1. From the cross-link list Lys67/Lys90; Lys74/Lys105; Lys74/Lys142; Lys41/Lys161; Lys74/Lys192; Lys41/Lys90, which pairs have alpha carbons spaced over 22 Å apart?
2. Quick one: if you stick a label point 7 Å off each Cα along the C-beta vector at Asp11 and Leu80, how many nm between them?
3. Once the piece of chain linking Val4 and Ser128 is laid out straight, how much longer is it, given 0.36 nm per residue of separation minus the C-alpha distance between them?
4. Working only with C-alpha atoms, what are the Rg and Dmax values of region 65-205, expressed in angstrom?
5. Hull surface divided by four, with the convex hull built on the Cα atoms of region 150-192: how many nm²?
6. What is the calculated FRET efficiency for Lys190 to Asn29, with r their C-beta to C-beta distance and R₀ = 35 Å, to the nearest 0.05?
7. Along the charge dipole of region 25-160, which of Asn29, Ala159, Tyr62 sits closest to the positive end, that is, farthest toward it, with unit charges on the beta carbon of Lys, Arg, Asp and Glu (+1, +1, -1, -1)?
8. I need the shape label for region 31-107. Rule: rounded when a/c is under 1.5, else prolate if a/b > b/c, else oblate, with a, b, c from the alpha carbon gyration tensor.
Amino acid sequence: NSIVQLTVTDDKLCQAIDTLKIQTQAIQNPTLTANASTLCKGTTLEVIANAQSSVNNTTLAYNWNNKDFIVNNKFNAKILNDTLITTIIKDNITNCQAVVNQQVKVQEIQLVIGDLIGIDTLETCIDSINVATKTVIGGTGKYTYSWTGNDVNQTFKNADKKQVIVSEKGLIRPTLTLVNLTVSDDLGCKAKDSVYVNWNSKVSTSIEKDLY
């Protein structure tokens, strides 16, 4: 705020003085608060805008990423890529505006059990088979592994490791079962992949000896 003073003087040094008070209005302390600065791909971003106006009894409006102004100071969206959230906060009485930004990064894990992303088939004719992840990329921090199957006869050794030993007893051969892997990181981001195991029939043979 400031005061402007005007002084008018004539030839006889007579003077007249007037003042004008100029009051500056502004959006004060504009901020954005996000539920996280790094999110798992596809999860929901929640951002809240906070600000105060220097004018009493006014309403603030919010423009989220160049959309229409609304009175809702909350923004929700599923985030698939690194995103810059831009918000314009406007005072509806003075039309004063403030712009604030929030950068959000997206974290993603990708993993492959077989040769291709998706479902492959492993072949075996014995009672157990080693299944391992060939590729795990992305994520933050330490990976957590969880192996599961779709058949009650399957058992898993080292089900929390990168490589697991899958065994079966009691299956009627040949049988096709599914082995699933979920990998999580410290942020809680997850990736899943699956592989089929084809439990083929065992080979059997016998030798007959003629007695003379």
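1. Numbers: Lys67/Lys90 13 Å; Lys74/Lys105 19 Å; Lys74/Lys142 33 Å; Lys41/Lys161 24 Å; Lys74/Lys192 32 Å; Lys41/Lys90 31 Å.
Result: Lys74/Lys142; Lys41/Lys161; Lys74/Lys192; Lys41/Lys90 exceed 22 Å.
2. 8.1 nm
3. The span from Val4 to Ser128 would gain 35.6 nm if fully extended.
4. Gyration radius and largest Cα-Cα distance of region 65-205: 24.2, 93 Å.
5. Working: hull surface 14.3 nm².
Value for region 150-192: 3.6 nm².
6. On the way: r = 38 Å, r/R0 = 1.07.
With a Förster radius of 35 Å, E is 0.40.
7. Asn29
8. In terms of gyration-tensor shape, prolate.
Every read-out reported here was derived from the displayed coordinates using simple, explicitly stated rules and does not represent laboratory data. A quick note: this is a predicted structure, and the numbers were derived from the prediction, not measured. All Cβ positions, glycine included, derive from the backbone under ideal geometry; neighbour counts span all protein chains shown.
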